[in-house]
1. Within segment 22-52, which residues are farther than 30 Å from residue 5 by Cα and touching a Lys or Arg at 6+ places or on another chain (Cβ under 8 Å)?
2. Does residue 57 satisfy the condition of being loosely packed, with under 14 Cβ neighbours inside 10 Å and in a strand (DSSP E or B)?
3. May I ask you to list pairs of residues, at least six apart or on different chains, whose Cβ atoms are under 6 Å apart, with the first in segment 2-16 being polar (S, T, N, Q) and the second being open to solvent by less than 100 Å² (accessible area, probe 1.4 Å)?
4. Quick one: in segment 60-74, which of the residues that are open to solvent by 30 Å² or more (accessible area, probe 1.4 Å) and more than 17 Å from residue 48 (Cα to Cα) is nearest to the chain's Cα centre (by Cα)?
5. Out of segment 33-52, which residues are in a loop (DSSP other than H, G, I, E, B) and open to solvent by 100 Å² or more (accessible area, probe 1.4 Å)?
6. Given the structure, is residue 14 of a type in the set (Lys, Arg), part of a loop (DSSP other than H, G, I, E, B) and either within 12 Å of the chain's Cα centre (by Cα) or surrounded by fewer than 10 Cβ atoms within 10 Å (Cβ to Cβ) (or both)?
7. Scan segment 17-31 and tell me whether some residue there is more than 28 Å from residue 61 (Cα to Cα), under 17 Å from the mean Cα position of the chain (by Cα) and open to solvent by 100 Å² or more (accessible area, probe 1.4 Å).
Amino acid sequence: MIFTNFREIDKLGRIVISKDIRKHLGIEPGDVLQINTEGDSIIIKKAEKKCVFCNGEKELREFEGKTVCSDCLERLRALS
């Protein structure tokens, strides 16, 4: 299914992503979006969770609002 919307950018540079697109992509309030450019196009996609220290994507855990992988968590524990 292809979704097409036309939106005007407001004075603060914001756009609204329609409810049907957010629902289709599983985007919830508070989610982080990754914004890239490719040629003259803007690409917006839901950011994948990664470790804040090593950018790893395996065995992730939430710690005080941050995402940390199990390897980095073990290294942090060893420091204390």
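1. 52
2. Details: loosely packed, with under 14 Cβ neighbours inside 10 Å: yes; in a strand (DSSP E or B): no.
Taking the combined requirement at face value, the residue does not satisfy it.
3. Hits for this filter: 5/18.
4. Within segment 60-74, the subset open to solvent by 30 Å² or more (accessible area, probe 1.4 Å) is 60-66, 71, 74.
Going one step further and asking which of them are more than 17 Å from residue 48 (Cα to Cα), we end up with 64, 71, 74.
Details: 64: 18, 71: 22, 74: 25 Å.
The qualifying residue nearest to the chain's Cα centre (by Cα) is 64.
5. 40, 48, 49
6. Working: of a type in the set (Lys, Arg): yes; part of a loop (DSSP other than H, G, I, E, B): yes; either within 12 Å of the chain's Cα centre (by Cα) or surrounded by fewer than 10 Cβ atoms within 10 Å (Cβ to Cβ) (or both): yes.
The answer is yes for residue 14.
7. no
The values are calculated or read from the model by the stated rules, or taken from the named source; none is laboratory data. Model, not experiment: these values are computed from the prediction. Note that we place each Cβ from the backbone using ideal geometry, even for glycine, and neighbour counts take in every protein chain shown. The area values use the complete protein model at the heavy-atom level, side chains included, leaving out ligands, DNA and RNA. Shrake-Rupley method; radii C 1.70, N 1.55, O 1.52, S 1.80 Å.
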